[in-house]
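The block underneath contains the structure these notes are about, expressed in structure tokens.
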Amino acid sequence: MQLSVIIVSFNVRYFLEQCLLSVSRATAGMEVETWVVDNNSADDSVEMVGRRFPWVRLIANSDNPGFSIGNNQAIRQASGKYILLLNPDTVVREDTFQNCFAFAEAHPRLGGLGVKMIDGSGRFLPESKRGLPTPWVAFTKAFGLSRLLPRSRRFNHYHLGYLSAEETHRIEVLSGAFMWMRATALEKVGLLDEDFFMYGEDIDLSYRLIKGGYDNYYYPGTSIIHYKGESTKRGSLNYVRVFYQAMVIFARKHFAGSQARLLVWMMQLAIYLRAVLTVAAGLWNRLRFPLIDAVGIYIGLLALKRIWSAYHFGDPDYFPVDINYLHFPAYTALWVGSIFLGGGYDRPFATPRLLRSLAFGTLLLLSIYGLLPEELRPSRALLVLGAAWAVGWTAVNRTVARALTFGTLRGQTEPRLLVVGRASETQRTLSLLQRAGASRNYLGRIQPAGGRAEEDDEPIGTADRLDTLVQLYRAEEIIFCSADLDNTDIQRWMSRLGPNIQYRILPESSGSIIGSHRPDQRGTLYTIDVNLRINDPTNRRGKWLFDRSMALFLLVSAPLVIWLMGQKRGFLLNAIAVLGGRRSWVGYHPGDPGLSLLPRLRPGVLWPGLGLEPDADMVHHLNLFYARDYAVSDDWRILTEHFSRLGHRG
């Protein structure tokens, strides 16, 4: 056996599917065995592998023992001359395994091999080649000096930024996303250290290979796509803690004396520093629009008060000072709150959502204003002028943010899309996008090079002129149909066209379209299976508000409801449980064996299909349709249809 490919997977079903499809192409003409170790995924990965890839040797764990243990489980049973540890969020080229095998055979002292990696936007990933994290190297990495001076030998030894990405080099550390190793070397130096749960195990094993007398190489003769961040959100506190704690384990294991203490101290300091920066960045990303909106609206109200007082009453100080501390904060909070509840901060550049939210907030303000006593109604004109200012300020705020973020003042439009593939696969791509609710400005189909266009379909060009067509049509997104293209060609075009285009791939015979434009965020996934409206934050908030408001209303009107229902105790307990967040008025049907595959909801007092006796498959479809097509009106319909069962204690 020439090669054993080992993939440890955890809740990345659709990326794993694409990875295995690429592996099946790359193994042509070679003796290869492929192992998948599933660490108790809840996304039906095990079923998918067994159904679509019966040639894969599958290990299904009942818990998540971590990356090192999972790999070691398969390594102990593998029979290949070389062992490849491969991440599930990768796509290998058709020539990857053959080229790596030939290079390894020509270098008998080779212990480990890494290849050129690009991310989902075609950018070179610097972790393709790395140096050993000595105290100084770890310091420059942890405190950002390596990023400030990326080509410096002294300040960026961590990513070996001074070495060309297009040349072969001896290196110290391989990336865990692609670790090609000689099996006899592993027998000598040992397997992955199981003290590392995730991160750091690749550094440790690479260092042990060197200490064992072997050479590690960076080899750019082939490349892979690595969609970073699919197993762990790289900008999260958990990532910071796990990554730097792994460095602490490494330091204590391989360094001694003052050197070890210095490295451990720096890593612990880095954990706290990066944690503070991560929290601050997260808060800023979440609150920047609400904060800027609130400050701008409030300052605008203060200015409008003086302008209106001077113009209409001839006295800039006409209004009492308490309007600044009572009315204006209330106006501001209600407008910002209406934008939040209307989903205006989930999609900040969606102008229709913003305007609808502000219109609703203004109508609510006017309604409340009309109910207040005379002495608490300072000026209806100020309220109307303030509403106009709120619209203008928030629109300007988003225009400036759009220009800073995207380099354009254009409003949010449908991305201009080109599809590279045959007519049948292109039609399947468009159908999947439509069914997933992903709207696109479809420009046309690009015929794969060497292919023939069908008589009933006219492509707008061929793939050998793709760069020219992208410029001509000002395309913003490209979807490659991998059934009609080599992964080698896809990666070549991604690297050539650069990161200003968003790239997606439709794997052959798959119901998902996959891509990732930023390495610090999870990939984009368009699939009819997982684009569920219940996941939309606006719908989540709507469900939360519906539950609480209905619980309050029903508790207030409890005597009447109890008289109509005749179920006093159960109804009151349910209403209190919903109000306290322990239950929801409407949840999933509890008899669904596949409930873990759906977004989590509180147990429901009621559910779709209540009163029926469906089988297990029908129950799952009822729950799936409820999650996929969810609207608050669904909860209202189910509640009114089964009003007499609100005291149900299932």
Filter result for the condition that a residue is buried (at least 23 other Cβ atoms within 10 Å of the Cβ), without any contact (Cβ under 8 Å) to a residue 60 or more places away in the chain and assigned by TED's automatic domain parsing to the domain that holds residue 219, over 36, 56: 36
Only one of these is surrounded by fewer than 22 Cβ atoms within 10 Å (Cβ to Cβ), under 17 Å from residue 266 (Cα atoms), modelled with pLDDT under 85 and out of contact with any Phe, Trp or Tyr (no Cβ under 6 Å at 6 or more places or on another chain): 139, 155. Name it. 139
Would region 176-183 turn up any residue that is touching a Leu at 6+ places or on another chain (Cβ under 8 Å) and surrounded by fewer than 24 Cβ atoms within 10 Å (Cβ to Cβ)? yes
With respect to the numbered conditions (1) assigned to a loop (DSSP other than H, G, I, E, B); (2) over 30 Å from residue 538 (Cβ atoms), which one is the sole condition not fulfilled by residue 349? (2)
Evaluate the following for residue 174: is it closer than 21 Å to residue 211 by Cα and touching a residue at least 40 places away in the same chain (Cβ under 8 Å)? yes
Going by what's in this entry, would residue 63 be described as touching a residue at least 24 places away in the same chain (Cβ under 8 Å) and either surrounded by fewer than 18 Cβ atoms within 10 Å (Cβ to Cβ) or not assigned by TED's automatic domain parsing to the domain that holds residue 182 (or both)? yes
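Here's the yes/no breakdown for (1) at pLDDT 85 or above; (2) touching a Pro at 6+ places or on another chain (Cβ under 9 Å); (3) under 30 Å from residue 514 (Cα atoms); (4) hydroxyl-bearing (Ser, Thr, Tyr):
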residue: 226; (1), (2), (3), (4): yes, yes, yes, no
residue: 237; (1), (2), (3), (4): no, no, yes, no
residue: 247; (1), (2), (3), (4): no, yes, no, no
residue: 281; (1), (2), (3), (4): no, no, yes, no
residue: 284; (1), (2), (3), (4): yes, no, yes, no
residue: 304; (1), (2), (3), (4): yes, no, no, no
residue: 310; (1), (2), (3), (4): yes, yes, no, no
Limited to region 12-33, what total is found for residues that are in contact with an Asp or Glu (Cβ under 9 Å, 6 or more places away or on another chain) and free of Cβ contacts under 8 Å to residues at least 40 places away in the same chain? 1
Just one listed residue, out of 15, 101, 97, 53, is farther than 30 Å from residue 502 by Cα and not small (Gly, Ala, Ser), and it is 101
Residues to consider are 232, 168; find the one that is out of contact with any Ser or Thr (no Cβ under 9 Å at 6 or more places or on another chain), under 30 Å from residue 505 (Cα atoms) and at pLDDT below 80. 232
Out of all the residues in region 364-387, which are under 19 Å from residue 342 (Cβ atoms) and over 43 Å from the mean Cα position of the chain (by Cα)? none
Expected single match for crowded, with 17+ Cβ neighbours inside 10 Å and outside any helix (DSSP H, G or I) among 296, 343, 361, 300 is 343
Can you tell me which residue in region 1-33 is surrounded by the fewest Cβ atoms within 10 Å (Cβ to Cβ), limited to those that are under 24 Å from residue 480 (Cα atoms) and among the small types (Gly, Ala, Ser)? 28
Please go through (1) at positive phi; (2) crowded, with 22+ Cβ neighbours inside 10 Å for residue 122 and return the number of the only condition it doesn't satisfy. (2)
Can you confirm whether region 72-91 contains a residue that is farther than 23 Å from residue 205 by Cα and either buried (at least 23 other Cβ atoms within 10 Å of the Cβ) or touching a Lys or Arg at 6+ places or on another chain (Cβ under 6 Å) (or both)? yes
Condition set at pLDDT 85 or above and of a type in the set (Phe, Trp, Tyr), scope region 388-441, selection farthest from the chain's Cα centre (by Cα): answer is 389
Take residue 55 and decide whether it is of a type in the set (Phe, Trp, Tyr), under 24 Å from residue 182 (Cβ atoms) and modelled with pLDDT of 95 or more. no
Read through the list (1) modelled with pLDDT of 90 or more; (2) touching a Leu at 6+ places or on another chain (Cβ under 8 Å); (3) farther than 18 Å from residue 6 by Cα; (4) of a type in the set (S, T, N, Q), then give the number of the only condition that residue 206 fails. (3)
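The values are calculated or read from the model by the stated rules, or taken from the named source; none is laboratory data. Source: prediction; values computed, not measured. Positions of Cβ are backbone-derived with ideal geometry, glycine not excepted, and every protein chain shown enters the neighbour counts.
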